[in-house]
1. So in the stretch 179-195, with the set limited to residues that are assigned to a loop (DSSP other than H, G, I, E, B) and within 16 Å of the ligand (Cβ to nearest atom), which one is farthest from residue 62 (Cα to Cα)?
2. If residue 176 satisfies all but one of (1) of a type in the set (Lys, Arg); (2) assigned to a helix (DSSP H, G or I); (3) under 30 Å from residue 338 (Cα atoms), what's the number of the condition it fails?
3. Given the options 51, 39, 57, 91, name the one that is under 16 Å from the mean Cα position of the chain (by Cα), more than 16 Å from the ligand (Cβ to nearest atom) and either surrounded by fewer than 24 Cβ atoms within 10 Å (Cβ to Cβ) or hydrophobic (A, V, I, L, M, F, W, C) (or both).
4. For the stretch 25-49, give me each residue that is in contact (Cβ under 8 Å) with a residue 40 or more places away in the chain and more than 11 Å from residue 4 (Cβ to Cβ).
5. For the stretch 143-161: of the residues being out of contact with any Ser or Thr (no Cβ under 8 Å at 6 or more places or on another chain) and of a type outside the set (D, E, K, R), which is nearest to residue 188 (Cα to Cα)?
6. Could you check, for the stretch 119-136, whether at least one of its residues is touching a Gly at 6+ places or on another chain (Cβ under 8 Å) and more than 16 Å from the ligand (Cβ to nearest atom)?
7. Step by step: first the residues of the stretch 226-243, then only those that are surrounded by fewer than 20 Cβ atoms within 10 Å (Cβ to Cβ) and either within 16 Å of residue 366 (Cα to Cα) or of a type outside the set (Val, Ile, Thr) (or both), then the one that is nearest to the ligand (Cβ to nearest atom). Which residue is that?
Amino acid sequence: MTTSINLINVKIPHREELLEGGIHVEEGRIIKIGKEANLPRADRTIDAKGLIALPGLIDAHAHLRDLQLSYKEDFYTGTCAAAAGGFTTVLDMPNTVPATDSSIRLKEKYERAENEIVVNVGFHAGLTDRLEEISKLGGLGAFSFKLNLYKPTPEIAVEDDGLMTQLLLKCKDVRRPVTVHAEDRGLIERKRSQLNTGKKPTVEGFLRAHSKEAELLAVNRMIDLARTTRAHLHICHLSVIKSLNSIEEARRKGLRVTCETSPHYMFLNENYLRRLKGIALTVPPVRDSTNSRKLWNAFIDSRIDLIATDHAPHAEEEKTSDDIWEVSPGIPGVETALPLLLTQVNRGQLHLSRLVKAMSEEPASIFGLRGKGRMKQGGDADLTLIDLKAKFKIDSTKFHSKAKLSPFDGFKCQGKPVKTFVAGKLVMDNGEIVAEKGTGSALKAAGR
Ligand SMILES: [Zn+2]
């Protein structure tokens, strides 16, 4: 059995430069990074000529589904898709059936995932109003508590400020962030009820209901609650540039508010939604092109902490209803995120070091993934090898995900992941999954 590997002729980012060298990996850890001549002997040598090694990418927001939603995605297909997209760790969301809102449910997920996953997987828990379960879920290793203000899972009284204050204090107590889907349900429902009833539902109506104001209102309300509780808030899939202004103001006042955005908010806009309808439908929805450009600029200026994919696979029939309100929101994202961003690196619009920070370092640091997020001696040998020259067109029919519809179909990309290593094991090689089920580890958040 191969226990040690030398990766040779590989380019390694060092500060702002790329240095050619080698990486020696043993028993799942990086033992040495340096000149090839200085590497210890290894059982296996892999020539990575022309490739760049990055610390394994971490997707802090993905829906791997499984359990009763396995028809959409399961732990095996979801982690194969992640490996194909260059991700070595994925944090899975709790809105499954059944939902991950108790220690029993979380234990079931750990048991089910362990033998299926090919990359590392950690779990977010659903924010429950049963305080004793928050303690238990924290103790079991949940990475955060997800609060979906638009569609709470489990159903809790999200409009009740008193309850929210109590729950935020509890999450602070167990030292976990509250990850927030920030859209005000009341405002969305009021706007929706004002749409011309009797007429065919339209994308315009959907956008009017899921307005920018609905996000901003929710973000501001959560920041108010953070002011009194001092809880760590992580705002998910930021879609509105004005929300970021509120977040930055809160940070200036000393609050711990972090945030992510997803590639579709930067690379797509409402015109894609008008044209592709359900296939481009997410919540929050994609916005106007001025907003998406501003989000992009905020990302490259390091004002947005991290990029998460919000990989949200659905069956084809769930994405193609004529009634936009009947369409399941969400798109597959783990197989397109890295190529879309590497294309911008090739265009000179993004520095590779910024990409690594937003897709590896920051997710590891914000969610407390020890040994991950940086390529260093002694760290976990989770590595993503990319080919910056490879040109291809996105084709969702080739996805490893069960979800085979993407608004990015036909996008021309330059740059893609070609080898993914998890704990020193080669999991993906040139688009093929070459590892056994169970190669990944089910991760537990360490007590902080
Ligand atoms: Zn999501």
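The values are calculated or read from the model by the stated rules, or taken from the named source; none is laboratory data. The shown structure was predicted, so the numbers you read here are calculated from the model rather than taken from an experiment. Using ideal geometry, Cβ is built from the backbone for each residue, glycine included, and neighbour counts are taken over all protein chains shown.
1. First, the residues of the stretch 179-195 that are assigned to a loop (DSSP other than H, G, I, E, B): 182-184, 195.
With within 16 Å of the ligand (Cβ to nearest atom) added as a condition, the list becomes 182-183.
Working: 182: 17, 183: 18 Å.
My answer is 183.
2. Of everything listed in (1) of a type in the set (Lys, Arg); (2) assigned to a helix (DSSP H, G or I); (3) under 30 Å from residue 338 (Cα atoms), residue 176 misses just condition (2).
3. Numbers: 51 fails: under 16 Å from the mean Cα position of the chain (by Cα); 39 fails: under 16 Å from the mean Cα position of the chain (by Cα); 91 fails: more than 16 Å from the ligand (Cβ to nearest atom).
Testing whether each residue is under 16 Å from the mean Cα position of the chain (by Cα), more than 16 Å from the ligand (Cβ to nearest atom) and either surrounded by fewer than 24 Cβ atoms within 10 Å (Cβ to Cβ) or hydrophobic (A, V, I, L, M, F, W, C) (or both) leaves just 57.
4. Passing the criteria: 30, 33, 46, 48, 49.
5. Going residue by residue through the stretch 143-161, those that are out of contact with any Ser or Thr (no Cβ under 8 Å at 6 or more places or on another chain) are 143, 148-153, 155, 157-161.
From what is left, the residues that are of a type outside the set (D, E, K, R) are 143, 148-150, 152-153, 157-158.
Numbers: 143: 29, 148: 14, 149: 11, 150: 8, 152: 14, 153: 18, 157: 16, 158: 14 Å.
The extreme case among them is 150.
6. yes
7. Result: 242.
Conditions tested, residue by residue: (1) among the charged types (D, E, K, R); (2) assigned to a loop (DSSP other than H, G, I, E, B).
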| site | (1), (2) |
| --- | --- |
| 349 | no, yes |
| 353 | no, no |
| 358 | no, no |
| 363 | no, no |
| 386 | no, no |
| 402 | yes, yes |
| 408 | no, yes |
| 416 | yes, no |
